[in-house]
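One structure is given here, and the rest of the page talks about it.
The values are calculated or read from the model by the stated rules, or taken from the named source; none is laboratory data. The structure presented is a predicted model; accordingly, all values stated were derived computationally and were not measured. In this analysis, Cβ positions are derived from the backbone assuming ideal geometry, glycine residues included, and neighbour counts consider all displayed protein chains. Accessible surface is based on the protein model in full, side chains and every heavy atom, while ligands, DNA and RNA are left aside. Shrake-Rupley method; radii C 1.70, N 1.55, O 1.52, S 1.80 Å.
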Amino acid sequence: MNGDSINNGDSKCSPPSGINSNTAAAGGSTTIVKYEKSSCLFCNEWFDSQTFTEHLIHCGQVLEQCPNTCNVFVPRIRMRAHLKECPRNKRRSASADRVDQQVDYRVQVVENEINTLRSVLNEEIRQRLHLITDVGNLRKQNQVIDDWQQSTNQSLKSLQNRLDEENTQRTFEVEQCQQDFRCCFDTVQSLKREIQNEIDDLEKHINQMSLELTQHQNHLNDNIMKLEETVLLHEKINRDKFIEIENYLQSINLDLNAKLGPEHDVAKYAALDLEVKGMKHIVCDTEERCDKLETLVSQIDRNLHHTMQLVNDLENHIATQQRLTSYINSRGHLLWRIKDFSKKFEEARQYDTILHSAMFSNKPFGYALRLDIYLNGKGTWKGRNMIACLNVIAGEYDPLLPWPCRLQADVIIRDQTINATNPEDYVKTVMVRKKSDDYIQTKQFFYIPHTILKQSNYIKNDSLFVEVRILK
């Protein structure tokens with residue numbers, strides 16, 4: 001009887017919708033596990049799908065029919081109270097009570113079995129829900145794997161396309177580089193030919209100038225020798241004439257003294273004084289001419305020395321150009337050894353000569369630089385300091401370089417102490433500025449006192465080492 005009342009209760013309650021939604025979701029393409037709550041129609045309480053069936057078994061508001069067949073439906077929680085008050089309960093006999101007890105026992109057994117079956121069924125439902133959830137997760141994982149595989153394939157295709165494009169571009173760049181290399185090689189060869197032609201022309205010009213200079217020097221030496229011979233001859237003639245005049249005057253004086261006597265001494269002395277003054281005037285004029293000739297000879301010697309220095313600079317320039325055709329000093333570094341320092345210092349003191357270093361560059365295809373040095377100074381610094389200047393000169397690549405030019409360099413006088421752990425180098429930091437390649441640079445001089453050069457071991461074996469490092 002209790003089992004029938006439970007079945008009636010099940011027919012009046014709404015089924016758990018969570019199970020149906022999971023089953024429906026399992027058949028679709030995308031698994032959606034949705035747990036819904038159901039309300040009991042008797043007590044109006046909400047339960048999950050897992051506890052709803054168990055609640056129906058124990059719900060106290062479920063209506064059950066009276067077992068005494070009094071045709072009354074009573075809530076389960078009030079069934080015992082109804083049985084005590086049921087009018088038909090008093091009529092029943094002891095045999096009926098026993099039958100009822102047996103029936104109740106059997107019903108209890110059946111209810112226990114039904115509860116067991118329901119527990120098993122609920123457990124199976126839960127397992128199915130777990131399986132459905134696992135299947136949905138597996139489908140999601142498979143979908144994710146499929147999407148990942150598809151994206152991976154697309155990425156591989158795009159990478160392959162990129163590799164193909166990169167290979168094509170690299171091939172094109174290699175061909176372009178080869179063409180550029182050929183063009184640069186041809187340009188370098190043409191520049192080498194042009195530089196070689198210029199060097200040949202310069203060599204011819206220098207040889208011609210050297211020949212002309214030699215001829216001019218020989219002619220000048222001949223003229224100087226002739227001039228010296230003429231001056232000596234004139235001096236000898238003048239000296240002889242002076243002696244002869246003195247002798248003649250002495251003889252005249254003796255004759256006059258013998259013939260005229262003392263009264264004519266005043267006139268005689270006046271004439272002699274006049275002749276002596278004339279001879280002194282001639283001697284002074286000769287000395288003045290000799291001084292002018294000596295000044296002219298000194299000036300010619302100075303110009304000759306400057307011309308020889310110009311020839312040496314041109315020879316150094318040709319040697320530098322020859323070095324540049326094979327190797328370009330483009331590291332921004334110069335180490336210059338000035339040999340025969342005492343000789344060149346004496347020439348600078350006598351003739352104001354200028355020493356020019358070899359040309360170098362601050363970087364590959366950069367500015368052309370040169371260091372100029374006045375060993376005996378210049379202007380107000382002359383005789384006390386060595387004056388130097390770092391110049392930006394005309395170079396091959398000036399049209400391609402940024403202007404204005406601004407460089408900073410360290411000019412170092414190297415200490416020549418042997419095996420010095422801490423050499424005492426003398427360092428001067430200078431700035432080099434030039435507005436454009438066709439602008440005449442204003443030279444920016446810096447000085448180094450002679451007293452510093454004489455200290456330590458800057459000059460050794462009559463040589464001085466000057467180093468230049470371009471900083472930026």
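Quick rundown of the values:
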quantity	calculated
Label-point separation in nm, Asp104 to Lys472, each point 7 Å along Cα→Cβ	10.8
Portion, in percent, of the accessible area of segment 159-238 that falls on carbon or sulfur, probe 1.4 Å	55
Surface accessible to a 1.4 Å probe, per residue, for the residues of segment 337-455, Å²	55
For Cys284, net neighbour charge (Lys/Arg +1, Asp/Glu -1) across residues whose Cβ lies under 12 Å away	-1
Sum of side-chain charges, Ile470 neighbourhood, beta-carbon under 10 Å (Lys, Arg +1; Asp, Glu -1)	+3
Whole-number percent relative contact order across segment 369-472, with pairs defined as alpha carbons under 8 Å at least 6 apart	32
Karplus-derived 3J(HN,Hα), 6.51/-1.76/1.60, for each residue of segment 127-136, Hz, glycine and proline x	4, 5, 4, 4, 4, 4, 5, 4, 4, x
Flagged links, alpha-carbon separation over 21 Å, of Lys339/Lys443; Lys363/Lys472; Lys241/Lys280; Lys204/Lys344; Lys343/Lys454	Lys339/Lys443; Lys204/Lys344
Mean Cβ count within 10 Å, highest first, over the residues of peptides 375-385, 356-366	356-366, 375-385
Packing rank of 139-150, 120-131, where each peptide gets the mean count of other beta carbons within 10 Å, highest leading	120-131, 139-150
FRET efficiency estimate (nearest 0.05) - Cβ-Cβ, Gln149 to Ser119, R0 30 angstrom	0.10
Neighbourhood charge, 14 Å Cβ-Cβ cut-off, centred on Asp222 and excluding it, Lys, Arg +1 and Asp, Glu -1	-1
Extension gain from Leu304 to His130, taking 0.36 nm per residue of separation minus the Cα-Cα distance	51.2 nm
Phe445 - accessible surface, heavy atoms, 1.4 Å probe, Å² rounded to 10	80
Sequence ranges 421-427, 73-79, 451-457, ranked by mean other-Cβ count within 10 angstrom, highest first	73-79, 451-457, 421-427
For Asp186, solvent-accessible area (1.4 Å; no DNA, RNA or ligand), Å²	90
Nearest-0.05 FRET efficiency for Gln160 and Leu314, computed from C-beta distance (R0 41 Å)	0.05
Fully extended contour minus Cα-Cα distance, from Phe365 to Glu287, at 0.36 nm per residue	22.0 nm
Karplus-derived HN-Hα couplings along segment 197-212 (A = 6.51, B = -1.76, C = 1.60, θ = phi - 60°), whole Hz, x at Gly and Pro	5, 5, 5, 4, 4, 4, 5, 4, 5, 5, 4, 5, 5, 5, 5, 5
Cα centroid separation, segment 355-397 to segment 154-182 (Å)	49
Whole-Hz ³J(HN,Hα) from phi, Karplus 6.51 cos²θ - 1.76 cosθ + 1.60, for segment 367-376, glycine and proline x	6, 8, 10, 8, 9, 10, 10, 9, 5, 9
Solvent exposure of segment 106-230 as accessible area per residue, Å², 1.4 Å probe	82
Label-point separation, Gln169 to Arg331 (7 Å along Cα→Cβ), nm	3.7
Cβ-derived FRET efficiency at R0 51 Å, Asn137 paired with Thr69, nearest 0.05	0.40
